[in-house]
Amino acid sequence: MARKILTEHINVPGIETFDVYRKHGGYTAVEKVIKTMTPEEVVEEAKKSGVRGRGGAGFPMGMKWGFLAKPEGVPRYLVCNADESEPGTFKDHHLMKSIPHLLIEGMIVSSFALGANKSFIYVRGELMYVIRILEKAIEEAKAKGFLGKNILGSGYDLELVVQPGGGAYICGEETALLESLEGKRGNPRNKPPFPAVKGLYQSPTVVNNVESISNMPWIINNGGDAYAAIGIGRSTGTKLISASGHIRKPGVYEIELGVSVDEFLNSDEYCGGIRDGHYLKALVAGGSSVPILPAHLITKTANGEDRLMSYESLSDGSFATGTMLGSGGFIVFDETACIVRNTWNFSRFYHHESCGQCSPCREGTGWMEKVLHRIEHGHGNMHDIDLLVDISKKIEGNTICPLGDAAAWPVASAIRHFRDEFVWHITHPHEASQPGAVYRDAVLA
Amino acid sequence: MEEVKPQLIKITFDGIEVEVAPGTTIMQAARKIAEADESQAGLVPPAMCYYKPLPSSGGKCRACLVRVAQGSAKDPRPMPKLVPSCITQVQEGMVVENTTNDAVLETRKSIVEFLLINHPLDCPICDQAGECHLQDFAFEHGSAKTRYEEERRTFDKIDIGPNIQLHMTRCILCYRCVYTADQITNKREHGVMGRGDAAEISTYISNAIDNEFSGNVIDVCPVGALTDKTFRFKNRVWFSKPEDAHCECDKCSGKAIVWYRGDEVIRVTARKNVWGEVNEFICNTCRFDRKKTSDWVLEGPTKVKRSSVISANKYRANLVPKPDFAMKLAATQFKPIDDSRPYVTDTETIREQSIENNDKANHRSLLSQNN
Ligand SMILES: Cc1cc2nc3c(=O)[nH]c(=O)nc-3n(C[C@H](O)[C@H](O)[C@H](O)COP(=O)(O)O)c2cc1C
Ligand code: SF4
Ligand code: SF4
Ligand code: FES
């Protein structure tokens with residue numbers, strides 16, 4: 001069994017309560033930092049651990065903390081991004097509802113490190129029941145003196161606020177989240193200035209994902225070096241993977257970074273392989289925003305090495321033959337899945353979720369969706385394929401926030417690897433538009 | 001007291017060196033070049049959302065994207081992506097490429113395309129035609145053909161109070177009117193609702209923005225999305241004659257432009273600078289109610305850019321020289337017409353050709369119905 005950092009106690013009955021969590025080693029990290037460490041030392045442990053942001057971009061957390069501006073007399077904020085709305089990603093949800101105190105403890109430790117006296121957890125609005133669970137956990141921690149004024153008699157104050165989002169994917173983008181938290185329309189901001197300099201209420205702010213922050217208690221208890229010893233290369237520690245699609249055992253798994261994709265996909269400890277009688281066709285490895293991979297590039301990289309579940313290995317070959325670990329939304333497709341239909345479906349999502357501020361994303365996402373809809377429904381033209389590639393190129397890199405890129409990549413990669421399937425939809429409009437119709441080809445076997 | 005001069009920053013923009021104060025944006029540096037030498041006006045990146053008088057405007061339309069080939073003297077690395085020149089501040093030794101970079105021009109062309117795919121292209125019946133920044137932008141940077149074959153998004157027209165009409169279908173979501181409204185009222189009544197290409201400007205469920213300065217949203221709007229109802233369908237702008245005029249006004253500066261058709265004042269607008277930005281907001285009384293010559297003291301014909309259709313050759317004496325780029329554009333794009341085709345007189349051939357053309361047209365419309 002692989003080592004578990006986040007989910008070790010997740011199945012213990014009653015772990016959502018303070019007492020059970022405490023009995024299993026909970027809140028020792030808070031005691032340790034408050035009683036024996038300086039904020040700088042906590043930041044140092046985060047740096048040593050090498051833990052990278054689990055929200056998608058994979059930016060080293062300790063380094064991000066190091067960038068936080070510290071002007072005199074200006075408050076600093078920590079904001080936890082619990083807006084999790086990326087299709088295929090459902091790990092934060094699982095963590096918060098099952099073991100809420102882990103996040104609360106991580107928030108206390110991290111807020112202490114950053115010198116924040118008021119921190120926020122921004123939870124997607126659809127998860128009202130999770131918000132209640134978190135609020136209850138906060139109340140418990142407060143009652144036991146781990147939160148609120150003068151924590152454990154140290155003089156350090158921390159108020160933790162849970163804020164429900166309004167139900168928009170874009171509010172997961174960190175600056176849109178800050179706007180929304182300020183009570184405004186959730187439009188991403190232009191950067192610079194970055195949140196580390198001007199974030200919430202124009203004050204220095206760190207935004208981190210639920211899973212990133214939840215690693216902190218373990219890092220404090222065991223040391224950054226111990227964390228860095230787990231994993232492979234610059235992909236340290238463990239990662240929660242939300243596995244879905246045509247596999248035997250969908251669910252949330254904690255893996256040590258560096259296990260092979262083959263093992264993750266096929267071993268009984270994890271996904272358990274493709275469902276019976278079917279075979280692997282494609283994989284979206286890190287949530288809907290990352291490039292899709294065809295069967296022959298999933299377990300091996302283009303130069304024949306084993307593909308591993310790590311930031312580096314998944315992006316081996318860049319976008320030509322690789323993808324990204326992203327937020328860990330592992331969506332598996334067998335041969336019954338229609339790539340064109342799936343690409344249209346993703347595209348529809350981004351069209352629906354674009355905030356509409358910048359022209360390439362606002363207009364381009366809708367355009368791509370409409371063209372894909374046409375192709376899927378048997379009204380495509382051959383020139384539509386190159387048109388889609390061109391639109392995706394014109395969006396990519398030219399927008400305010402990465403949602404534009406996230407909308408462009410799935411389309412560009414689907415055409416890159418499955419162009420013949422698009423061609424078939426256009427040359428066989430009648431067959432392709434039948435419900436459940438799928439292009440089958442020898443290459444897939 | 002001795003005057004402390006701020007250290008100036010030197011940058012290179014399209015090969016031209018310019019010195020500006022720290023904190024200046026690339027866009028403002030480029031405008032400075034053009035203000036010193038009008039023949040360089042074509043170098044200035046187009047702005048569809050940025051509007052200097054409105055703090056926090058800009059960064060949205062991406063029309064002004066440029067390439068930074070060298071970040072600064074200290075850190076000469078190029079910036080990885082194209083950057084919005086309207087909000088990116090200059091650094092000492094920065095090297096910027098605008099018209100000299102093909103990727104920039106190609107991207108700009110695509111921005112035109114994006115802005116037009118959902119635009120109704122109803123210029124023939126739009127009051128803004130002739131002074132529309134989207135028309136200028138499309139003419140200067142776009143391509144003549146469209147690749148868009150899908151349905152365009154549409155909205156119903158709505159009235160914002162008695163004098164302003166919103167044609168959301170024409171809106172490019174530049175947010176200028178939103179920032180204007182934020183400036184003149186703190187009630188956040190005028191804003192954006194909805195997302196993506198379904199986002200719309202809205203005055204919280206059609207409330208009229210009840211403010212003495214609300215009419216200024218008409219002037220800041222780059223397109224015909226916000227128009228003056230008292231001017232609706234009165235005239236094409238190029239048939240009207242703008243005169244600078246002022247009046248004694250207790251609400252605003254009273255400095256305006258009065259637009260004539262013959263002897264009749266058909267509309268009043270604020271004055272704008274060479275970049276199409278309003279100099280001073282005017283009040284609704286000046287704009288909507290002072291429609292008689294006797295309300296105004298006339299100062300003389302308004303300076304109009306030669307490249308603007310409003311000039312229509314009427315104001316020779318006051319012409320601003322034609323920017324160089326328009327000539328260059330003409331030289332590259334206008335080809336002599338190839339008329340070596342045989343001149344057909346035979347009625348039978350003409351009939352056949354016309355049937356063939358009709359078939360093609362029918363076929364195309366059938367195709368689009370099927371889609
Ligand atoms: C459109 C969009 C949606 C995002 N949604 C989320 C999200 O739901 N949760 C999250 O943690 N990060 C999300 N991110 C990433 C955040 O912007 C940000 O990088 C992250 O919260 C930083 O935390 P980390 O460094 O711990 O990963 C999103 C980014 C984009 C562009
Ligand atoms: S890229 Fe899309 S979602 Fe992001 S700011 Fe622009 S329009 Fe909004
Ligand atoms: S109505 Fe006009 S000013 Fe307002 S956002 Fe639309 S285009 Fe811009
Ligand atoms: S003018 Fe710069 S982005 Fe619109």
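With respect to B:ILE158, determine if the residue is β-branched (Val, Ile, Thr), more than 14 Å from every other protein chain (Cβ to nearest Cβ), in contact (Cβ under 8 Å) with a residue 12 or more places away in the chain and open to solvent by 40 Å² or more (accessible area, probe 1.4 Å).
Values: β-branched (Val, Ile, Thr): yes; more than 14 Å from every other protein chain (Cβ to nearest Cβ): yes; in contact (Cβ under 8 Å) with a residue 12 or more places away in the chain: yes; open to solvent by 40 Å² or more (accessible area, probe 1.4 Å): yes.
Yes.
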Original post:
In the range B:127-141, what count of residues is obtained for those that are surrounded by fewer than 19 Cβ atoms within 10 Å (Cβ to Cβ) and over 13 Å from the mean Cα position of the chain (by Cα)?
Top reply: 0
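When you check A:LYS136 against the structure, is it without any contact (Cβ under 8 Å) to a residue 24 or more places away in the chain, outside the structural domain of A:MET324 (by TED's automatic domain parsing) and surrounded by fewer than 20 Cβ atoms within 10 Å (Cβ to Cβ), yes or no?
Values: without any contact (Cβ under 8 Å) to a residue 24 or more places away in the chain: no; outside the structural domain of A:MET324 (by TED's automatic domain parsing): yes; surrounded by fewer than 20 Cβ atoms within 10 Å (Cβ to Cβ): yes.
No: the conditions fail for A:LYS136.
May I ask you to say which residue of B:GLU113, B:GLU189, B:GLU151, B:GLU106 is surrounded by 15 or more Cβ atoms within 10 Å (Cβ to Cβ) and either more than 16 Å from ligand 4 (Cβ to nearest atom) or among the aliphatic types (A, V, I, L, M) (or both)? Walk me through how you get there before you give the answer.
On the way: B:GLU113 fails: either more than 16 Å from ligand 4 (Cβ to nearest atom) or among the aliphatic types (A, V, I, L, M) (or both); B:GLU151 fails: surrounded by 15 or more Cβ atoms within 10 Å (Cβ to Cβ); B:GLU106 fails: surrounded by 15 or more Cβ atoms within 10 Å (Cβ to Cβ).
The match here is B:GLU189.
Let's see how each residue does on (1) under 23 Å from the mean Cα position of the chain (by Cα); (2) outside the structural domain of A:ALA407 (by TED's automatic domain parsing); (3) open to solvent by less than 10 Å² (accessible area, probe 1.4 Å):
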residue	(1), (2), (3)
A:PHE112	no, yes, no
A:ASN117	no, yes, no
A:GLY125	yes, yes, no
A:GLU174	yes, yes, no
A:GLU179	yes, yes, no
A:GLY183	no, yes, no
A:ARG189	yes, yes, no
A:ALA196	yes, yes, no
A:GLY199	yes, yes, yes
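For the range B:30-44, indicate whether the set of residues that are part of a loop (DSSP other than H, G, I, E, B) and either within 11 Å of chain A (Cβ to nearest Cβ) or more than 16 Å from ligand 1 (Cβ to nearest atom) (or both) is non-empty. Explain how you work it out, then say what you get.
Taking the range B:30-44 first, the residues part of a loop (DSSP other than H, G, I, E, B) are B:37, B:44.
Restricting the remaining residues to those that are either within 11 Å of chain A (Cβ to nearest Cβ) or more than 16 Å from ligand 1 (Cβ to nearest atom) (or both) gives B:37, B:44.
Yes - at least one qualifying residue is present in the range B:30-44.
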Original post:
Which ones in the range B:192-211 are surrounded by 15 or more Cβ atoms within 10 Å (Cβ to Cβ) and within 14 Å of another protein chain (Cβ to nearest Cβ)?
Top reply: B:VAL192, B:ARG195, B:GLY196, B:ASP197, B:ALA198, B:ALA199, B:GLU200, B:ILE201, B:SER202
Subject >> Subset of the range B:161-179 (residues that are over 16 Å from A:ARG185 (Cα atoms), within 16 Å of ligand 4 (Cβ to nearest atom) and in contact (Cβ under 8 Å) with a residue 60 or more places away in the chain) >> reply: B:ILE172
**OP:** Quick one: count up the residues across the range B:48-81 that are assigned to a loop (DSSP other than H, G, I, E, B), open to solvent by less than 20 Å² (accessible area, probe 1.4 Å) and within 16 Å of ligand 4 (Cβ to nearest atom).
**Re:** 12
Subject >> Of residues in the range A:256-272 being aliphatic (A, V, I, L, M) and assigned to a loop (DSSP other than H, G, I, E, B), the one nearest to the chain's Cα centre (by Cα) >> reply: A:LEU257
Original post:
How many residues are more than 15 Å from ligand 2 (Cβ to nearest atom) and either of a type in the set (A, V, I, L, M, F, W, C) or touching a Ser or Thr at 6+ places or on another chain (Cβ under 6 Å) (or both) if we restrict to the range A:145-193?
Top reply: 9
**OP:** Confirm whether A:HIS417 is within 14 Å of ligand 1 (Cβ to nearest atom) and within 27 Å of the chain's Cα centre (by Cα).
**Re:** no
Subject >> Yes/no for B:PHE137 being closer than 30 Å to B:PRO78 by Cα, outside the structural domain of B:ALA41 (by TED's automatic domain parsing), without any contact (Cβ under 8 Å) to a residue 12 or more places away in the chain and not in a loop (DSSP other than H, G, I, E, B) >> reply: no
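Suppose we filter the range A:400-439 for residues that are within 16 Å of ligand 4 (Cβ to nearest atom) and either open to solvent by less than 10 Å² (accessible area, probe 1.4 Å) or in contact with a strand residue (DSSP E or B) (Cβ under 9 Å, 6 or more places away or on another chain) (or both); how many remain?
Of all residues in the range A:400-439, those within 16 Å of ligand 4 (Cβ to nearest atom) come to A:400-401, A:404.
Checking which are either open to solvent by less than 10 Å² (accessible area, probe 1.4 Å) or in contact with a strand residue (DSSP E or B) (Cβ under 9 Å, 6 or more places away or on another chain) (or both) leaves us with A:400, A:404.
Looking only at that region, the number is 2.
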**OP:** Sort out which residues of the range B:144-155 are within 13 Å of chain A (Cβ to nearest Cβ) and either farther than 20 Å from B:GLY196 by Cα or in a strand (DSSP E or B) (or both), and write them in order of number.
**Re:** B:LYS145, B:THR146, B:ARG147
**OP:** Considering only the range A:50-87, state which residues are away from ligand 1 (no atom under 12 Å from the Cβ) and in contact (Cβ under 8 Å) with a residue 24 or more places away in the chain.
**Re:** A:GLY50, A:LEU68, A:ALA69, A:LYS70, A:PRO71, A:VAL74, A:PRO75, A:ARG76, A:TYR77
Subject >> Single match in A:ALA337, A:ALA302, A:ALA282, A:ALA320 (criterion: part of a helix (DSSP H, G or I), in contact (Cβ under 8 Å) with a residue 12 or more places away in the chain and of a type in the set (Gly, Ala, Ser)) >> reply: A:ALA320
Original post:
Looking only at residues in the range B:103-131 that are more than 14 Å from chain A (Cβ to nearest Cβ) and charged (D, E, K, R), which one is nearest to B:ALA29 (Cα to Cα)?
Top reply: B:GLU131
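The values are calculated or read from the model by the stated rules, or taken from the named source; none is laboratory data. Remember, predicted model here, so these are calculated numbers, not experimental data. A quick note on method: Cβ atoms are made from the backbone with ideal geometry, for glycine too, and the neighbour counts reach across all protein chains shown. Each accessible area value is taken on the protein alone, full model and side chains, heavy atoms only, with ligands, DNA and RNA left out. Shrake-Rupley method; radii C 1.70, N 1.55, O 1.52, S 1.80 Å.
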